[in-house]
1. For the stretch 149-174, enumerate the residues that are within 18 Å of residue 21 (Cβ to Cβ) and loosely packed, with under 12 Cβ neighbours inside 10 Å.
2. Picking from 100, 88, 104, which residue would you name as being free of Cβ contacts under 8 Å to residues at least 60 places away in the same chain and more than 29 Å from residue 53 (Cβ to Cβ)?
3. Suppose we filter the stretch 77-96 for residues that are surrounded by fewer than 15 Cβ atoms within 10 Å (Cβ to Cβ) and under 19 Å from the mean Cα position of the chain (by Cα); how many remain?
4. Based on what the data block shows, is residue 97 touching a helix residue (DSSP H, G or I) at 6+ places or on another chain (Cβ under 9 Å), in a helix (DSSP H, G or I), modelled with pLDDT of 90 or more and under 20 Å from residue 68 (Cβ atoms)?
5. Do we find that residue 50 is surrounded by fewer than 18 Cβ atoms within 10 Å (Cβ to Cβ), farther than 19 Å from residue 143 by Cα and modelled with pLDDT of 95 or more in this structure?
C-alpha cells in the first residue's frame, strides 16, 4: 500500500530527522570517546565515561531504533518497497547491523560507566579502561554509507523487484 503524499512527506521528514539525529548524537559521543581515549586526567575520564553512557542509552539507542522503524515504514509505504531495490535492502541490513552492534556495545559502555561512577576506582584503573572509539568511528562510517545510499539511490533491482515489475507490466497491458 502506497502512502498518500502528505503522510509520505511527514513520514520522510520524521525519518530524516531521526536518522540525522542519530548521526549527530554519535558525533557528540565520539568527542567524549576521544577524550576518554586520550586523557590522563581522572576527572575527565570519569565525566567522559558517565556522559557516554547517558548519550548512548537515552539518545543514540532510541534514535537508532526509531530510525530503523521509520525506515521500514518508508520502504513499505512507498514505491521503493522493502525488497525491490538493492539500495533499500542494503540500507536495511546495514541499519539492523548498526543497531545490533550498538545494543551489544551498550554492555561495554555501561561497564565503563559503572567503573567510572565508583568513587573507589583509582586513576590508574580509569586510565586502563580503554575506549569504544573503534566501534563509534566504525558505526559512523556505516551510518554515512547508509546516508549516501539513500540520497543517491543507485540503480539495481533485486530478483523480487524485477519479478514484481514484470507482473505489473503484464497487468497494465491490455
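The values are calculated or read from the model by the stated rules, or taken from the named source; none is laboratory data. All of these numbers come straight from a predicted model, not from anything done at the bench. Reconstructed Cβ throughout: ideal geometry from the backbone, glycine too, with neighbour counts over all protein chains shown.
1. From the stretch 149-174, those within 18 Å of residue 21 (Cβ to Cβ) are 150-151; that's our starting set.
Listed by number, the list holds a single entry, 151.
2. Details: 100 fails: more than 29 Å from residue 53 (Cβ to Cβ); 104 fails: more than 29 Å from residue 53 (Cβ to Cβ).
Exactly one of 100, 88, 104 is free of Cβ contacts under 8 Å to residues at least 60 places away in the same chain and more than 29 Å from residue 53 (Cβ to Cβ), namely 88.
3. Here is the first cut: in the stretch 77-96, the residues surrounded by fewer than 15 Cβ atoms within 10 Å (Cβ to Cβ) are 79, 93, 96.
Narrowing further to those that are under 19 Å from the mean Cα position of the chain (by Cα): 93, 96.
Looking only at that region, the number is 2.
4. Details: touching a helix residue (DSSP H, G or I) at 6+ places or on another chain (Cβ under 9 Å): yes; in a helix (DSSP H, G or I): yes; modelled with pLDDT of 90 or more: yes; under 20 Å from residue 68 (Cβ atoms): yes.
For residue 97, the condition - touching a helix residue (DSSP H, G or I) at 6+ places or on another chain (Cβ under 9 Å), in a helix (DSSP H, G or I), modelled with pLDDT of 90 or more and under 20 Å from residue 68 (Cβ atoms) - is met.
5. Numbers: surrounded by fewer than 18 Cβ atoms within 10 Å (Cβ to Cβ): yes; farther than 19 Å from residue 143 by Cα: yes; modelled with pLDDT of 95 or more: yes.
Criteria met by residue 50.
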